[in-house]
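Taking it in order: structure first as structure tokens, then the write-up.
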Amino acid sequence: MPTADPAHHTRPARTARAVRTAGPARPARARRAVRTATAVAAALGVLALSACGAAETGKSQRAGTTDRTVVLTVPSWVGAQANTAVAEYLLENELGYDVKTQQLGGILAWDALSRGDIDAVLEDWGHPEEEKRYVEEKKTVARGGDLGVTGHIGWYVPKYFADAHPDVTDWKNLDEYAEELATAESGGKGQILEGSPDYVTHDEAIIRNLGLDLKPTYAGSEAAQITAIRKYAEEKKPFLTYWWTPQWLNEQVDLVEVKLPPHEEGCDADPEEVACGYPRTPLRKFLNADFAKNGGEAAEFLKNFTWTTEQQNEVAQMIADRKLTPEAAAEKWVRANEATWRTWLPG
């Protein structure tokens, strides 16, 4: 979800600059969203974690941590929360580490990862500028391998609406349904429902550059977006929404993707000129460079951590839909899937 990073997102992460989230979180070269007061406060909090005047060497001095402490980020979308919950449970109960977590959006997480304020990001939807800066140039962040899940952001309508109006699944015909998609918040234009303003999104540019009679309106969070989607679906109302896979809600609400102009390499290079759809993004992990080299069993475990979309959705649904705590959901999944997680443990 969406990097809320989605945010992407639901993948698909997305923070200060549209992430991903998701949640998800997400696609390469996402435009920068307006920084909110929350994002500013979060940024100040991250800065406070760093030792004053400490050089950026890839590992900061973190108060209250030891060599047996691992700090993981928790993105705002539930799929990524599922990753962190399972990793935390196994690090503590199988490997004897003390795990601390901190909720950060995509860009802030990269900055904190570079400084060593956090040790790992377990679901990144694609931040090429940060990857170039921190992995290739500064070498303060290391690639941690694929998560095993492929994320995708797109525009979706409910299947009952697509069944009644098959041509709505082609972006060229969306304006014909603008009146039906309009809401009080969309100012007479067709509404496209968004999640958090922090998620990776090109939607404003896509709408402008394709000349569509649409307006994005923001639910504010993944949870609020899910509530709105469910309400529309229960009432069988037409709606258009920014959405992503993997996302557990897709098992409950049948959505059909609207075909945007196909994504091609470089079509989103200029955030203001995007007129294409979103790519399919293999979600990846990143580790603080010093931790990747010297983090022992914890670093090896996190590099080995890979699972399927179905497994992630299973834990995410327990958290978001069945209202289990992340810890309880992780424990339940771990007890039922030993054959999978045993392969992640250091040999």
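The values are calculated or read from the model by the stated rules, or taken from the named source; none is laboratory data. Because the structure is predicted, anything quoted here is derived from the model rather than measured. When we count neighbours, we look across all protein chains shown, and the Cβ atoms used for this are built from the backbone with ideal geometry, even at glycine.
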- Query: Of the residues Leu95, Leu113, Leu122, Leu91, which is touching an Asp or Glu at 6+ places or on another chain (Cβ under 6 Å) and modelled with pLDDT of 95 or more?
  - Reply: Leu95
- Message: Every residue in segment 259-282 that is in contact with a strand residue (DSSP E or B) (Cβ under 6 Å, 6 or more places away or on another chain), under 18 Å from Tyr156 (Cβ atoms) and of a type outside the set (Lys, Arg), please.
- Response: Tyr278, Thr281
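Across segment 80-116, what is the number of residues that are touching a Ser or Thr at 6+ places or on another chain (Cβ under 8 Å) and within 20 Å of Lys303 (Cβ to Cβ)?
To start, the set of residues in segment 80-116 that are touching a Ser or Thr at 6+ places or on another chain (Cβ under 8 Å) comprises 80, 84, 88, 97-109, 112-116.
Imposing the further condition that a residue be within 20 Å of Lys303 (Cβ to Cβ) reduces the set to 80, 84, 88, 97-101, 109, 112-114, 116.
Going through segment 80-116 one residue at a time, the tally reaches 13.
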- Would you point out which residue out of Gly151, Gly126 is part of a loop (DSSP other than H, G, I, E, B) and in contact with a strand residue (DSSP E or B) (Cβ under 9 Å, 6 or more places away or on another chain)? Gly126
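Suppose we keep only residues that are assigned to a helix (DSSP H, G or I) and of a type in the set (Asp, Glu) within segment 154-176. Which one would you say is farthest from Thr201 (Cα to Cα)?
This residue is Asp163.
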- Within segment 240-283, count every residue that is among the polar types (S, T, N, Q) and outside any loop (DSSP other than H, G, I, E, B). 4
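Evaluate the following for Thr343: is it surrounded by fewer than 16 Cβ atoms within 10 Å (Cβ to Cβ), among the β-branched types (Val, Ile, Thr) and over 19 Å from the mean Cα position of the chain (by Cα)?
The answer is yes for Thr343.
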- Please work out if Thr150 is surrounded by fewer than 18 Cβ atoms within 10 Å (Cβ to Cβ), β-branched (Val, Ile, Thr), in contact with a Pro (Cβ under 8 Å, 6 or more places away or on another chain) and under 23 Å from Glu310 (Cα atoms). yes
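Listed here are the residues, each with its yes/no results for (1) of a type outside the set (A, V, I, L, M); (2) surrounded by fewer than 20 Cβ atoms within 10 Å (Cβ to Cβ); (3) at pLDDT 95 or above; (4) closer than 24 Å to Ala80 by Cβ.
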residue	(1), (2), (3), (4)
Glu273	yes, yes, yes, no
Pro282	yes, yes, no, yes
Phe291	yes, no, yes, yes
Asn294	yes, yes, yes, no
- Identify, from the list Lys215, Lys231, Lys237, the residue that is within 25 Å of Glu176 (Cβ to Cβ), surrounded by 18 or more Cβ atoms within 10 Å (Cβ to Cβ) and among the charged types (D, E, K, R). Lys215
